[in-house]
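Here is the structure we will look at, set down as structure tokens.
The values are calculated or read from the model by the stated rules, or taken from the named source; none is laboratory data. Values in this document were obtained by computation on a predicted structure and should not be read as measured data. Heads up, the Cβs are rebuilt from the backbone with ideal geometry, glycines too, and the neighbour counts pull from every protein chain shown. These area figures cover heavy atoms from the full protein model, side chains too; ligands, DNA and RNA do not enter into them. Shrake-Rupley method; radii C 1.70, N 1.55, O 1.52, S 1.80 Å.
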Amino acid sequence: MLPRSRTMPSRIHHGAIEERHDIRHYLQVEVQPNAQNESEAMNTQANYSKCFDDDGRLKRTGTFWTATSHIITAVIGSGVLSLAWAMAQLGWVAGPTVLVLFAFVNLYTSNLLTECYRSGDPMTGQRNYTYMDAVKAHLGGWKVKLCGWIQYLNLFGVAIGYTIAASVSMMAIKRSNCFHKSGGTDPCHMSSNGYMISFGIAEVIFSQIPDFSHVWWLSIVAAIMSFTYSTAGLGLGIGKVAEHGRFDGSLMGISIGTVTHAGTVTGMQKIWRTLQALGAIAFAYSYSIILIEIQDTVKSPPAEYKTMKKATLFSITVTTVFYLLCGCMGYAAFGDLAPGNLLTGFGFYNPYWLLDIANLAIVVHLVGAYQVFCQPLFAFIEKWCAQKWPKSDFVTAEYDIPIPFGGVYQLNLFRLVWRTIFVVMTTLIAMLMPFFNDVVGFLGAMGFWPLTVYFPVEMYISQKKIGRGTSRWLGLRIISVACFFVTVAAAVGSVAGVVLDLKTYKPFETSY
């Protein structure tokens, strides 16, 4: 029988109140009988404050740089690869303008959200460990359940989207090598299923990382990979523009009557494509759904919101510059026929090894990004089950597994089973509906307004007690309503795209 873990407090939390009681009880039993006098007791308590925060949880160690790496890993995801396609739908005028506007909206609302991490005083108020906790503390009622459903369904959808994106990049590497090996005589068609299963197996392993605070190293690796493939895509785009000696594209985007691989673009398809492009750009900035969870890893002092505001400003500035460069250069290289996945659009051109490196970097990045997005969902389910069945060893017990040269891993059987089932589910759904562009657009639309705009605005109004009808209240409302219409439009366009895709595919038989 494996030895039961004696870690205090339990790694699976049963709620803030219960945790505080556990810590106090632990201090009473272990500390007070050994204290010879009052000063010695105070010194012992001071030593414990070095290990635990003011709420009894283990002390956080996150910094500006770890928060930045989490944000960049979440933001510069597979969405960057669809930006050239989005630019092609919108054109040279609207494309960059919409991209910059989304950046400003995300920066502004993210700053509002950082101030809602603590209820009441932003320095000493009660901490909200998750996005749902923040909504519960500031808004309460039915909005808490609504937020939970939207947030966790969105995270579930992101996991599916990342599985699809990773399989596309893995196939691109295989096809590139196949093409060069055959000298161009073999079309190298292949199924995506095996690559999705391979990605799923990797995620089953990495999903056993206990919680968000333990993902920091994977997040840093993923952030480096995101810059690697973005730089490769940018370089290839510049090279293709130099080869042509001109910038392709048009002021208003793809024209009606243009012949694409999917057929001739009609007036209605032009509208759907434009709306879908809005969703793709929204998805490229979607990280607010895990902002509170990232902020909960940041140590204090200084106040968490100050560190997060700096990390958010730095991250969004860097990513927006990369987005503009990749999106614009990709559009300049391919014009109105820009592909849905930028790197696959370069075909098998030399230097094909650079494309292989870029696609490999995407796969590594998506492995880390999958974990960054899914850890909040894992934590929510595990906390709920621990509260539901607190006496179940299967749910709450942890067992010490010695790892050669790596210390001790604490195995929880429920975590092992449930996270494995989750990864299997996302992999199967990805195999059923591998529509990369339309899935990306729909995910962006579904999560953008409620999680990036509506809830942060509502919580900030409640937190700061902004009076109804004041100029600031009115300005925040205008931003929220405008973004709502963008979300509805993008969702409609994405659903229309999925409906068109459903007419031409067979389940589990998708090939490239």
Exercise. Collect the residues in region 58-92 that are assigned to a helix (DSSP H, G or I), in contact with a strand residue (DSSP E or B) (Cβ under 9 Å, 6 or more places away or on another chain) and β-branched (Val, Ile, Thr), keeping them in residue-number order.
Key: 66
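Answer with yes or no whether residue 148 is part of a helix (DSSP H, G or I) and either modelled with pLDDT of 80 or more or touching a Ser or Thr at 6+ places or on another chain (Cβ under 6 Å) (or both). Break it down stepwise before answering.
Details: part of a helix (DSSP H, G or I): yes; either modelled with pLDDT of 80 or more or touching a Ser or Thr at 6+ places or on another chain (Cβ under 6 Å) (or both): yes.
Against the criterion (part of a helix (DSSP H, G or I) and either modelled with pLDDT of 80 or more or touching a Ser or Thr at 6+ places or on another chain (Cβ under 6 Å) (or both)), residue 148 qualifies.
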Practice problem: Could you please let me know if residue 358 is part of a helix (DSSP H, G or I) and open to solvent by less than 10 Å² (accessible area, probe 1.4 Å)? | Solution: yes
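Run down 305, 349, 323, 287 and say which single residue is over 30 Å from residue 256 (Cα atoms), of a type outside the set (D, E, K, R) and either open to solvent by 40 Å² or more (accessible area, probe 1.4 Å) or at pLDDT 80 or above (or both). Break it down into steps so the answer makes sense when it comes.
Working: 349 fails: over 30 Å from residue 256 (Cα atoms); 323 fails: over 30 Å from residue 256 (Cα atoms); 287 fails: either open to solvent by 40 Å² or more (accessible area, probe 1.4 Å) or at pLDDT 80 or above (or both).
After applying the criteria, what remains is 305.
With the structure loaded, tell me whether residue 198 is open to solvent by 30 Å² or more (accessible area, probe 1.4 Å), among the hydroxyl-bearing types (Ser, Thr, Tyr) and either over 27 Å from the mean Cα position of the chain (by Cα) or on the phi > 0 side of the Ramachandran plot (or both) or whether it fails that test. I'd like the intermediate steps shown before the answer.
Details: open to solvent by 30 Å² or more (accessible area, probe 1.4 Å): yes; among the hydroxyl-bearing types (Ser, Thr, Tyr): yes; either over 27 Å from the mean Cα position of the chain (by Cα) or on the phi > 0 side of the Ramachandran plot (or both): no.
For residue 198, the condition - open to solvent by 30 Å² or more (accessible area, probe 1.4 Å), among the hydroxyl-bearing types (Ser, Thr, Tyr) and either over 27 Å from the mean Cα position of the chain (by Cα) or on the phi > 0 side of the Ramachandran plot (or both) - is not met.
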Self-check item: Conditions (1) open to solvent by 40 Å² or more (accessible area, probe 1.4 Å); (2) in contact with a Lys or Arg (Cβ under 8 Å, 6 or more places away or on another chain): number failed by residue 188
Solution: (1)
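Residue under question is residue 167, and the condition is that it be at pLDDT 85 or above, out of contact with any Gly (no Cβ under 7 Å at 6 or more places or on another chain), crowded, with 23+ Cβ neighbours inside 10 Å and of a type in the set (Ser, Thr, Tyr); does it hold?
On the way: at pLDDT 85 or above: yes; out of contact with any Gly (no Cβ under 7 Å at 6 or more places or on another chain): yes; crowded, with 23+ Cβ neighbours inside 10 Å: yes; of a type in the set (Ser, Thr, Tyr): yes.
Here the answer is yes, as residue 167 does meet what is asked.
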Practice problem: Give the number of residues within region 259-268 that are in a loop (DSSP other than H, G, I, E, B), at pLDDT below 70 and surrounded by 10 or more Cβ atoms within 10 Å (Cβ to Cβ). | Solution: 1
Self-check item: Tally, over region 381-403, of residues that are without any contact (Cβ under 8 Å) to a residue 60 or more places away in the chain, farther than 23 Å from residue 156 by Cβ and open to solvent by less than 40 Å² (accessible area, probe 1.4 Å)
Solution: 1
Practice problem: Would you mind stating whether residue 140 is surrounded by fewer than 20 Cβ atoms within 10 Å (Cβ to Cβ) and free of Cβ contacts under 8 Å to residues at least 40 places away in the same chain? | Solution: yes
Exercise. Would you tally the residues in region 207-251 being at pLDDT 75 or above, farther than 22 Å from residue 311 by Cβ and open to solvent by 60 Å² or more (accessible area, probe 1.4 Å)?
Key: 3
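Does region 93-128 hold any residues that are in contact with a strand residue (DSSP E or B) (Cβ under 8 Å, 6 or more places away or on another chain) and not β-branched (Val, Ile, Thr), and which are they? Don't jump to the end; show me each part of the working.
Step one: of region 93-128, the residues in contact with a strand residue (DSSP E or B) (Cβ under 8 Å, 6 or more places away or on another chain) are 117-120, 124-128.
Residues satisfying the conditions are 117, 118, 119, 120, 125, 126, 127, 128.
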